[in-house]
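Asker: Below are the structure tokens for one structure; questions will follow.
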Amino acid sequence: MIKQLFTTFVAGLALTGSAQLYAADLTDVNEIVKQANLAAYYQGEDGRSEARMLIEDSQGRKQQRQFTILRRDYEDGGDQQFLVAFSRPADVRDTVFLVEKHAGTDDDRWLYLPGLDLVKRISAGDKRTSFVGSNYFYEDVSGRNPEEDTHQLIETTEAFYVLDNAPKDPNSVEFARYRVWIDKVNMLPMKIEYSDVSDKLYRRVEVLETETVQGIPTVTKSRVSDLVSGASTTMEFRFIRYDLGMDSSVFTERSLRNPPRQWLKRPE
């Protein structure tokens, strides 16, 4: 509750344009990365949202996905739990994705495929592969560990902190570097562009819409674009709620086959 009240207070200052809050730009790149990570993935103590995903391939053909995301934090900036349960269309209904996110080591990820009644463990090497046929990666859902990259503040504009980031282990990922634009007001990463080893830009992640929910700046619409093929995936988030009081029993392997219906149903 104290955390939520503090977040509400800070958001209120932002809305009134407090000069004290923005008296000086941040210059420590590690502090910028820390605040951006918290703003993007650690809102409230826990949270839920319903997502609608529109996948469009290079030929203009479209597919839709609908699912609910549940998330619980152990601590700010630390370990987290995620559960993603699909409801539409029929070919992915009851598919469930479970993540135990670890701040200091590789995450544990599982995918339940109802058609096969199979629980599949997703290896660390697969975290940057397509999430259920979309242009999002598994890693996009739960977030990339900032400790896996080196960070450099290359520009501070009126609206953004602009950072260049490179993987510490280049063999573990498909990109050579990525550039991120972080909103100076709410600290949300608003755009990320990935370049390959030949420095060719090939992938873009961008925030299209945000709203303040329970005093917390929140992404409500985003898009990932494959700049080589022309394919893209747009995701909209609705019925967002924070601080619901979920406990760790919601995020167990048992929930893969028996999802927690009480938390998946839409709040009144």
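Asker: If I take the Cα coordinates of the chain and project them onto the principal axes, what are the three extents in Å, biggest first?
Answerer: 56, 48, 36
Asker: Rounding to the nearest 20 debye, state how big the charge dipole of the range 113-201 is about its Cα centre with +1 on each Lys and Arg Cβ and -1 on each Asp and Glu Cβ. Don't skip to the answer; put the middle values down first.
Answerer: On the way: 11 positive and 16 negative charges, 38 e Å.
It works out to roughly 180 debye.
Asker: Still on this structure, I have one more. Rank 219, 119, 180 by mean-square fluctuation in a GNM of the chain with C-alpha springs under 10 angstrom and give only the top-ranked residue.
Answerer: 119
Asker: Further question on the same structure: Which entries in the list 62/221; 62/101; 62/168; 168/221; 127/191 go over 27 Å, if you measure between the two C-alpha atoms of each?
Answerer: Check vs 27 Å cut-off fails for 62/101; 62/168; 168/221.
Asker: Say the dipole of the range 21-177 comes from +1 at the beta carbon of Lys and Arg and -1 at that of Asp and Glu; which of 131, 116, 105 then lies farthest toward its positive end?
Answerer: Looking along the dipole axis, the top candidate is 116.
Asker: Could you give each residue of the range 173-186 its phi-based ³J(HN,Hα) in whole Hz, using Karplus coefficients 6.51, -1.76, 1.60 with θ = phi - 60°, and x for Gly or Pro?
Answerer: My calculation for the range 173-186 gives 9, 8, 9, 9, 6, 9, 10, 10, 9, 10, 4, 6, 7, 9 Hz in order.
Asker: Still on this model: Only sites in a loop by DSSP and with at most 14 other Cβ atoms within 10 Å count here; which GluC sites (Glu not before Pro) in the range 189-262 make the cut? All intermediate terms of the calculation are to be shown ahead of the outcome.
Answerer: Values: sites: 193, 206, 209, 211, 236, 253; in loops: 253.
Loop-located and lightly packed - 253.
Asker: Separate question: Kindly state, as a whole number, the per residue volume in cubic angstrom of the convex hull around the alpha carbon atoms of the range 220-259.
Answerer: So the per-residue Cα hull volume is 136 Å³.
Asker: I would also like to ask the following. If you wrap a convex hull around the alpha carbons of the range 37-105, what volume per residue comes out, as a whole number of Å³?
Answerer: Numbers: hull volume 8.2 nm³, N = 69.
Value for the range 37-105: 118 Å³ per residue.
Asker: Using the Cα centre of the range 144-268 as origin and beta-carbon charges of +1 (Lys, Arg) and -1 (Asp, Glu), tell me which of 195, 180, 258 is placed farthest towards the positive end of the dipole.
Answerer: 258
Asker: Another one. Short version: ³J(HN,Hα) in whole Hz for each residue of the range 138-145, in order, from phi by Karplus 6.51 cos²θ - 1.76 cosθ + 1.60 (θ = phi - 60°), x for Gly and Pro, what are they?
Answerer: Per-residue couplings from phi come out as 3, 5, 5, 5, 9, x, 8, 5 Hz.
Asker: Follow-up. With a ≥ b ≥ c the root eigenvalues of the C-alpha gyration tensor of the range 56-212, is it rounded (a/c under 1.5), prolate (a/b larger than b/c) or oblate?
Answerer: Working: a/c = 1.59, a/b = 1.46, b/c = 1.09.
Cα axes put the range 56-212 in the prolate bin.
Asker: Quick one: putting +1 on the C-beta of Lys and Arg, -1 on the C-beta of Asp and Glu, what dipole do you get for the chain around its Cα centre, in Debye to the nearest 20?
Answerer: Values: 35 positive and 43 negative charges, 228 e Å.
Using only the charged Cβ atoms, the result is roughly 1100 debye.
Asker: What longest range of the chain stays clear of loop-exposed trypsin sites (Lys or Arg not before Pro) (DSSP non-H/G/I/E/B, at most 11 other C-beta within 10 angstrom)?
Answerer: Numbers: sites that count: 61, 168, 200, 265.
Free of exposed loop sites, the longest segment is 62-167.
Every number in this text was worked out from the coordinates using simple rules, so none of it is lab data. Model, not experiment: these values are computed from the prediction. Here Cβ is always computed from backbone atoms with ideal geometry, including for glycine, and neighbour counts include all displayed protein chains.
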